[in-house]
Amino acid sequence: SRQCNARVCARLTTRGGVWGGGGSDIRHVRYAMSRFSKTALTLVETSVALREGRITASDLLQSAIARMTITRHLNAFIGGVLPGAAKAAETSDLRRRGKQHGASGIEPGWQEHKADGTTSTQTTHTHRSFSFLDGAPIAVKDNFFVPGAATTAGSLVLANFAPGNFTSTVSHRLANRGAVLFAKTNMDEFGMGSANANSAYGAVVNPFAGTTRGTHPRMGKQSRPQKNIQSWDKSFLAGRARDFQNSHSNGKTTAAVSEYFPLHKVVRGAGELLEKVFGVWFELTDVPANEKWCHEAQKVSVSCSSTGEPFGTIYLDLNHRPGKFPHAAHFVVRCSRDVHFVDPNGNRTGDETFTTSKQPQPPTTFRQLPSVALVTNFGGEHSRFGDTNLSHAELETFLHELGHAVHSVLSTTKYQHLSGTRCASDLVEVPSHVFEYFAWDADALKLLSGHVTTGESIPDELITQLKKGKELFAASDLRQQLMFASVDLETHALGLGDNELSSSGSITSETIRDIAGRISHEMGQNSLTDYSHDTNPEKDAAWELRFGHVVGYASSYYSYVYAKTISAQVWDAFFAGGNSLEKNSGVAISKGLLSHGGAVAPEVLLKQLLGPDALRDVDVTEYAYDSVTGVGPLTTTSDNIREYGTTRQRVNGVVPNHDSLLKELRDGNPYR
């Protein structure tokens with residue numbers, strides 16, 4: 001009706017925006033009515049419309065709920081409408097009526113939502129205008145508590161968890177400013193990610209995926225990204241580029257790729273790969289009842305394919321189920337080690353009292369065989385080992401964790417605390433990164449694949465398409481990892497020159513932000529100009545807050561880049577050039593790297609395996625500081641040991657040779 005149009009579209013012009021001033025443009029009014037509706041308004045536009053009485057909070061809420069229902073296929077929300085949403089909208093409308101019809105613009109009483117879930121009414125007499133949030137329908141992520149609503153953090157582990165009347169600070173402050181909290185939005189499980197792709201309730205669907213131009217009504221069909229690309233634009237634009245590439249893949253989609261990777265075929269194919277390449281027999285066996293913790297658990301006995309000597313056991317727990325650990329990981333159940341025999345008197349064989357005897361001695365030790373659990377979350381809630389297909393990314397995840405498991409199982413160390421992955425962080429990710437290469441090798445992919453209906457191996461066309469997607473931003477991704485590693489190192493170097501962390505050198509949000517901004521500047525497009533925090537256009541972006549590994553790795557995140565450079569050398573030396581499935585081509589890696597665990601220094605292992613050029617010496621004298629005095633080295637001895645009285649520390653270090661990795665980036669460059 002005319003009256004309705006007047007309420008909703010008053011003063012609607014192309015120049016002024018949805019609620020802008022100026023003359024009327026009927027074409028823009030019709031476009032807005034057909035495309036925008038109430039749910040397409042910006043927050044400022046919504047606030048203006050509410051203030052001028054052209055729309056009500058209850059109307060807005062009903063539009064938001066309708067929009068949530070219509071777009072349910074996008075999987076953007078978890079659960080339904082939050083309790084109390086209708087009441088909050090009604091209360092907001094009553095406040096505005098009281099303000100508009102009251103005396104002298106006195107603001108009515110507010111209902112304060114306390115942190116413990118209780119409420120109190122405060123009557124305030126003020127000439128302040130309403131909060132621009134008052135009456136606006138707001139959805140919050142599912143990790144924020146809202147009184148009376150379930151909070152799952154995107155995980156089935158917390159399914160139906162309701163915190164009672166407790167409310168989070170965010171929800172508390174929004175409600176106190178009159179916002180109408182009406183729904184919970186989907187999210188990566190426990191916040192482990194930033195793409196809304198890892199939720200236990202399914203990934204959020206991008207409605208604009210596959211488009212080559214901006215088609216959102218606010219963007220316009222001919223819009224282009226801004227010329228000045230900021231850090232927060234990169235992942236979005238990279239995703240759009242990959243979507244564009246996938247849309248030109250002759251109709252082959254991610255779903256089509258997954259049809260070539262049934263889980264049972266991948267596991268058996270991995271066994272064939274291990275036998276061919278590493279001389280390891282990989283046999284699926286029944287799991288005894290006393291060892292089985294879930295119905296879908298599988299047991300793999302690992303042994304030498306030529307002698308039959310047992311190496312250990314790998315338990316596979318690959319399918320998703322409610323309440324399960326939500327990520328992919330490799331857990332050591334029992335380490336490899338030497339165990340002494342004990343005589344009836346409690347004496348260990350091999351001790352001095354036994355070795356002095358001239359009589360033939362029995363074996364002094366036996367091997368404790370290692371066992372590990374390889375845990376992933378493939379498939380849906382009720383999926384089974386025999387009916388689950390893997391995406392290519394999940395295939396790569398499985399091979400990554402298999403690399404860790406094989407590292408542990410093939411370890412033959414004397415002591416358990418040095419077994420397998422209990423080695424230096426510089427080296428621990430190398431085997432897993434080497435195994436990831438098989439996920440991109442054409443010969444290995446054909447061994448690992450088998451179409452779910454025809455049994456055919458994955459075609460070359462799809463392999464080529466997968467590789468193009470990987471290579472599209474390989475160099476940019478590597479530079480991002482270098483930036484993360486640099487921030488991690490410099491953050492944990494703060495305060496090293498003092499007995500205690502000083503205020504000027506301590507780790508604070510401000511110092512971390514300054515480090516992140518400077519390194520971003522130095523590694524970005526403005527590397528030739530001086531950095532200034534005040535002129536940094538992204539000084540308030542605080543991207544480092546999304547880099548959780550600065551806590552978990554605690555100055556060792558560089559090991560991720562080390563693993564990439566070392567694994568590139570290993571692949572180049574043993575598998576490149578069509579040798580990926582050459583018989584026993586990985587035996588040297590098993591004996592020279594995997595079997596030693598952490599019992600041999602990484603630099604010794606790598607030089608023996610890859611040659612003297614595997615590592616490069618680096619003089620770090622100019623970066624070294626004494627932990628007590630906070631000054632640089634005073635004297636340096638001939639063997640590169642610096643002395644501070646009784647303190648002696650190495651000056652020189654080593655880094656991996658990165659030639660193989662750079663060659664890989666050049667050869668795989670799709671823009672070449």
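The values are calculated or read from the model by the stated rules, or taken from the named source; none is laboratory data. Just so we're clear, the structure is a prediction, and the values are computed from it rather than from any experiment. Positions of Cβ are generated from backbone atoms using ideal geometry, with glycine treated the same way; all protein chains shown enter the neighbour counts. When the accessible area is computed, the model is the full protein with side chains, heavy atoms only, and any ligands, DNA or RNA have been set aside. Shrake-Rupley method; radii C 1.70, N 1.55, O 1.52, S 1.80 Å.
Taking Cα centre as origin and charging only the Cβ of basic (Lys, Arg, +1) and acidic (Asp, Glu, -1) residues, the dipole magnitude of the stretch 133-202 rounds to 180 debye.
Extension gain, residue 579-residue 391: 0.36 nm per intervening residue step, less the Cα-Cα distance, totals 65.2 nm.
Checked against a 32 Å cut-off, the cross-linked pairs 292/414; 414/663; 234/299; 141/234; 276/299 give Cα-Cα distances beyond that limit for 414/663; 234/299. Approximating the spin labels as points 7 Å out from Cα along Cα→Cβ, the residue 301-to-residue 339 distance works out to 1.8 nm. Peptides 158-164, 330-336, 660-666, ordered by how many other C-beta atoms sit within 10 Å of their residues on average, highest first, read 330-336, 660-666, 158-164. Label separation (residue 66 vs residue 286): 6.2 nm, computed from points 7 Å beyond Cα along the C-beta direction.
Note on residue 618/residue 480: beta-carbon distance plugged into 1/(1 + (r/R0)^6) with R0 of 22 Å gives a FRET efficiency of 0.45. Calculated accessible area for the stretch 403-497 comes out at 40 Å² per residue, all protein chains present (probe 1.4 Å; ligands, DNA, RNA ignored).
Between residue 173 and residue 442, the modelled label-to-label distance comes to 5.6 nm, taking each label 7 Å out from Cα in the direction of the beta carbon.
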